[in-house]
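The values are calculated or read from the model by the stated rules, or taken from the named source; none is laboratory data. Only a predicted model underlies this, so the values are computations on that prediction, with no experimental measurement involved. With ideal geometry, Cβ positions are generated from the backbone for all residues, glycine too; neighbour counts draw on all protein chains shown. Remember, those area values only see protein heavy atoms, side chains included, never the ligands or the DNA or RNA. Shrake-Rupley method; radii C 1.70, N 1.55, O 1.52, S 1.80 Å.
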Amino acid sequence: MNNVILIFSGGVVDDGLAAATVKKYPDAVIIAADRGIEAVERLSVRPDFIIGDFDSADETAIKAAYAAAEKYGIEIERLNPMKNDTDTEAAVKAAIERYPGEGTILILGGTGTRLDHVLGNLSILGMGHPAGKDILLIDTNNRARMLFPGTHTFRKEDFFGTYVSFFPIGEPVTGLILQGFKYGLNGATLTGLSTRAVSNEAKEETESVTFETGRLLMIEAED
């Protein structure tokens, strides 16, 4: 996975998963979004960029972030709390603008107790598509991404967990074909008003997802 950007967001960050992810991508760009600075402080990870309005971050972590920024020349962009996007979305926008080109953005801390923020983070996973960036949200039990029309091929061994679910985002998904899964589909339409494509499983060595129109949220999950 080339050109990786790790965004530490303000939700629940599992330190074990985060440490393993940082170790897996040693050359990744690190962005701390608002309360995400608490996670990078705990892990002793030096971010390349810090952004947020810091209305929910611990004051000690904020002071430490500013001290580190001054010591290591890290840029901090402090946002106005009266804004039209979340700190995570602002971090994604910054990642796309500051580090152009194809690549992958991994969001850690994008889930937690705030269901509104979880839904918001899931809804922005397609933001990188025009810029050639895949955005994945990961936690200890889930990995989510957004797919666009066309054919997408996956290997069973690469799936995050046992279960794979699909949800249309914003508009119906038409012409959906699922091959290699326990429950196949052939030209189906998903409207978002049912759970038809929830809790599927990969069965073949390779699986493919094909559809004609819409945007498809794909969530891989493990109990």
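Quick notes on this one:
- Filter pass, Ala65 being surrounded by 21 or more Cβ atoms within 10 Å (Cβ to Cβ) and modelled with pLDDT of 80 or more: no
- In the stretch 94-182, counting only strands (runs of 3 or more DSSP E) that sit wholly within it, none holds 3 or more residues that are surrounded by fewer than 20 Cβ atoms within 10 Å (Cβ to Cβ), touching a residue at least 60 places away in the same chain (Cβ under 8 Å) and on the phi > 0 side of the Ramachandran plot.
- Which numbered condition Met82 misses (of (1) surrounded by fewer than 19 Cβ atoms within 10 Å (Cβ to Cβ); (2) modelled with pLDDT of 95 or more): (2)
- Residue in the stretch 183-219 that is nearest to Asp139 (Cα to Cα), counting only those that are open to solvent by less than 70 Å² (accessible area, probe 1.4 Å) and among the acidic types (Asp, Glu): Glu201
- Screening the stretch 1-82 for helices (runs of 4 or more DSSP H) wholly inside it with 2 or more residues that are out of contact with any helix residue (DSSP H, G or I) (no Cβ under 9 Å at 6 or more places or on another chain) returns the ranges 15-24, 59-72.
- Within the stretch 1-45, the set of residues being among the charged types (D, E, K, R) and in contact with a strand residue (DSSP E or B) (Cβ under 7 Å, 6 or more places away or on another chain) comprises just one member, Asp34.
- Residues of the stretch 177-199 satisfying the condition of being at pLDDT 95 or above and either under 21 Å from the mean Cα position of the chain (by Cα) or of a type in the set (A, V, I, L, M) (or both): Ile177, Leu178, Leu185, Ala188, Leu190, Ala197, Val198, Ser199
- Cβ pairs under 9 Å, 6+ apart, first in the stretch 39-60 and under 26 Å from Asp27 (Cα atoms), second open to solvent by 70 Å² or more (accessible area, probe 1.4 Å) and aromatic (Phe, Trp, Tyr): Arg46/Tyr72; Ile50/Tyr66
- Breaking point among (1) within 21 Å of the chain's Cα centre (by Cα); (2) open to solvent by less than 40 Å² (accessible area, probe 1.4 Å), for Arg46: (2)
- Residue check for Ile7: within 18 Å of the chain's Cα centre (by Cα), crowded, with 20+ Cβ neighbours inside 10 Å, of a type in the set (A, V, I, L, M) and closer than 20 Å to Ala94 by Cβ: yes
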